[in-house]
Each structure stands twice: as structure tokens, then as C-alpha cells.
Amino acid sequence: MTDSTPPRVLTVAGSDSGGGAGIQADLKTMLALGVHGMSVIAAVTAQNSLGVQGYWELPPEAVRAQLDSVLGDIGAQAVKTGMLASSALVETVAEVLAGLAGLDVPVVVDPVGVSKHGDALLAPEAVETMKQRLLPAATVVTPNLWEVSQLTGVKVEDEGDLRRAADAVLEFGPTWVLVKGGHLPGAPVDLLTDGTREFRFTAERHDNRHTHGTGCTLASAIASHLALGEDVPSAVEKAKAYVTGAIAHGFPLGAGIGPVDHAWRQR
């Protein structure tokens, strides 16, 4: 690659036909942050501002072929995973990502289990596969409070529970865990830890219901900053700043919940 080639980040996730989350949010985030985004589509959703009307996962061989195609020729400085839908797809992605372990390619896992509207996006039997196969390959895992409960059974009811929840996720083998506490009452706070070091990130709570794609955007922003050479705490701090601005500028779309604004800095 030449000096003019930007860092490359690969997202492995589902397509959001409404453009606010999933692959679409990931690629918009990557463009906004100055990296070259590439995509492996694991599932196709029919969704809009009102919810997810249906999803169809791709065959594992199609997902593996996309992974092999991109990684075998172009490579990546970071990988982000999102909606993987089924045990077979989680297994396929985990197997490929395990092969990156010696190549110093950070992996950000957003353990997507449910949409913003409460629609299930991960088969119940796939949760165990994610815990046993995908999380050990992760540099950073970014669960929200519902996903923490789904993965560990730990229910976070206040800020004091965040570290206990993070430690429970760390038991599955990721290097870092970022527990997103935005749904707790009071000022938003997220906790990042590797089991030894601990960082807490606070942000202003914006009175804006148009927050579709927040989790995808945050995970992609972290991956982008890791690809740009930041360490994990710095990448999370910068990603949080970008997402906070995107939430502040979220806009109405359709009749339901609109997306965050990935281009807020450009506007």
C-alpha cells in the first residue's frame, strides 16, 4: 500500500435498508473518520424508522467467501463485527478472526442481540457460540446493558454495577470491555476496563429521540481510531466524542426513530 492509502477497516454485519444502522452506519462512520471502509454482509434486514420487519441471513459460505476475498487481497488494520444472526455465522466469523490473532489486527465486537425497537437480531442458540468463540477473539467488546444481561445474566441497575458486569464479560476472554451505560438514569457513563485499568467516560445527555444506529456507530468509530493508531482508551474517548455529536444532531426520518447524523462534523 502507498502512503496515500488510508487505513482500512472491515465491518462484518447486517444491512439496514433504512440506512441508519448496520453496514450503512459503519461505512458512513468510517468515511467520516478518514479510513477506508470495507464490508462483509452477514444478513439483510427489511427495516425502517418503525422497526425491523424481517431479516434473512446469508449462507456461511457466502460470508466466508467475502471475508477471504477482502482479507486475502486488501487486508485490514481493524475489524468490527455487528449483527451475525445465527450460530453458524458467528462460528464462521470467529474462525476467520482467530486467524488474525498473530497479525496485530484489533477486533471490535458489538454483540448485537436486539434492535433499537426491541426486535431480536440474534438467534437464542447463537448467544453461547458468541460467548465461547467470538468474544475470545475480541480486542474490545461493546455491550449495552441488555446485551450484558443476555451474555452474563448480570443486571446493571446503577453505575455501581458497571464494573461487576464488565468483569463478567471479561471472563469470556476479550482484552477490553466497554459497558455502555447510556440507558441508566442520570448522566450517561460508560465503563472501559481490561480487568486492571479502568476508565469512565461521561457525556451530555441530549434530548433527542433520534438515536438509531448509536451502537453500530460507536463500535465502528472505535475500530476506525484503532486503525488510525490510537490505543484502546484513546480510541474509545475519541469515538465517544464523535458519537455524542452524532446523537446531538440526530434527525427525524419516517414516522418513527430517526438516525444519528454521521456527517455532523462535515455539516
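Check whether at least one residue in the range 121-144 is touching a Phe, Trp or Tyr at 6+ places or on another chain (Cβ under 6 Å), more than 22 Å from residue 89 (Cα to Cα) and crowded, with 16+ Cβ neighbours inside 10 Å, and report yes or no. The answer is no; no qualifying residue exists.
Among 215, 256, which is in contact with a strand residue (DSSP E or B) (Cβ under 8 Å, 6 or more places away or on another chain), at pLDDT 95 or above and not in a helix (DSSP H, G or I)? Show your work before the answer.
Values: 215 fails: not in a helix (DSSP H, G or I).
After applying the criteria, what remains is 256.
Out of 141, 114, 109, one residue alone is under 16 Å from the mean Cα position of the chain (by Cα) and within 18 Å of residue 41 (Cβ to Cβ). It is 109.
Would you confirm, using the coordinates I've provided, whether residue 148 is touching a residue at least 40 places away in the same chain (Cβ under 8 Å) and assigned to a helix (DSSP H, G or I)? The answer is no for residue 148. Within the range 173-189, if we keep just the residues that are assigned to a strand (DSSP E or B) and buried (at least 21 other Cβ atoms within 10 Å of the Cβ), the residue that is farthest from the chain's Cα centre (by Cα) turns out to be 176. Screening residue 39 on (1) under 19 Å from the mean Cα position of the chain (by Cα); (2) assigned to a loop (DSSP other than H, G, I, E, B); (3) surrounded by fewer than 22 Cβ atoms within 10 Å (Cβ to Cβ) shows it passes everything except condition (2).
For the range 46-73: of the residues being touching a residue at least 60 places away in the same chain (Cβ under 8 Å) and part of a strand (DSSP E or B), which is farthest from residue 87 (Cα to Cα)?
Within the range 46-73, the subset touching a residue at least 60 places away in the same chain (Cβ under 8 Å) is 47-52, 55, 70-71.
The next check asks that each one be part of a strand (DSSP E or B); those that pass are 47-48, 51-52, 55.
Values: 47: 22, 48: 26, 51: 23, 52: 20, 55: 15 Å.
Among those that are touching a residue at least 60 places away in the same chain (Cβ under 8 Å) and part of a strand (DSSP E or B), it is 48.
Contact map, the range 10-25: residues that are within 16 Å of residue 210 (Cα to Cα) paired with residues that are buried (at least 24 other Cβ atoms within 10 Å of the Cβ) and acidic (Asp, Glu), Cβ distance under 9 Å, separation 6+ or inter-chain. Pairs shown: 22/16; 25/16. Selection of the range 96-117 for residues being in contact with a helix residue (DSSP H, G or I) (Cβ under 9 Å, 6 or more places away or on another chain), surrounded by fewer than 17 Cβ atoms within 10 Å (Cβ to Cβ) and more than 17 Å from residue 141 (Cα to Cα) yields only 99. If only residues of the range 222-237 that are in contact (Cβ under 8 Å) with a residue 24 or more places away in the chain, in contact with a Lys or Arg (Cβ under 8 Å, 6 or more places away or on another chain) and not hydrophobic (A, V, I, L, M, F, W, C) are counted, the one that is farthest from residue 8 (Cα to Cα) is 233.
If you go through the range 238-254 and keep only what is over 12 Å from residue 208 (Cβ atoms), surrounded by 16 or more Cβ atoms within 10 Å (Cβ to Cβ) and without any contact (Cβ under 8 Å) to a residue 60 or more places away in the chain, you end up with 238, 239, 240, 243.
The values are calculated or read from the model by the stated rules, or taken from the named source; none is laboratory data. Computed from a prediction, not measured in an experiment: that's the story for all the values here. As a convention, Cβ positions derive from the backbone with ideal geometry for all residues, glycine included, and neighbour counts pool all protein chains shown.
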